[in-house]
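**Q** Can you read through this structure? Questions will come right after.
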Amino acid sequence: MRIGELSRRTGVSARSLRYYEEQGLLTSSRSDAGQRHYSDAAVQRVSLIRQLFDAGMSSRVIASVLPCVDVPGDLGVAEETFTAMMRERDRIDADIAHLIETRDALDVLIRANSRHRAELSTAPEPVAKSA
């Protein structure tokens, strides 16, 4: 199938599909006219790539993980991929911890603001001075 058809079937823009190729995440063959042609398996491959991007992985990390899918029986590839996946999981855990710290700091500010608003709403109105 050509790039437009792959784009329609996956919901991924042709520009993104070209980017995936540039990053080595997706392959195509070329016609004599230079048009990209993809196999039917490319639909599933693009879906996997999207899932990995949606999980917050960079194209570099995805490229290091995909060989496990491409060569599932190779122990060396499996070990390298495992290491990459564990490193990525550790990065995600660190991101989560940072987000929790940020949320907790925001909660402190919210409580302080709530108290301040409550104090302002119960304060007497200032008396206007007459001239």
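The values are calculated or read from the model by the stated rules, or taken from the named source; none is laboratory data. Small disclaimer: the values here were computed from a predicted structure and weren't measured. Ideal geometry is used to build each Cβ from the backbone, glycine not excepted, and the neighbour counts take in all protein chains shown. In case anyone asks, the SASA skips ligands and DNA or RNA and just uses the protein heavy atoms, side chains included. Shrake-Rupley method; radii C 1.70, N 1.55, O 1.52, S 1.80 Å.
**Q** Where residues in the stretch 1-59 are open to solvent by 80 Å² or more (accessible area, probe 1.4 Å), acidic (Asp, Glu) and over 30 Å from Ile96 (Cα atoms), which of them is modelled with the lowest pLDDT?
**A** This residue is Asp32.
**Q** Any chance you could count how many residues in the stretch 85-131 are under 24 Å from Leu52 (Cβ atoms) and open to solvent by 100 Å² or more (accessible area, probe 1.4 Å)?
**A** 4
**Q** Exactly one condition in (1) aromatic (Phe, Trp, Tyr); (2) at pLDDT below 90; (3) open to solvent by less than 80 Å² (accessible area, probe 1.4 Å) is not met by Phe82; state its number.
**A** Of (1) aromatic (Phe, Trp, Tyr); (2) at pLDDT below 90; (3) open to solvent by less than 80 Å² (accessible area, probe 1.4 Å), only one is false for Phe82: (3).
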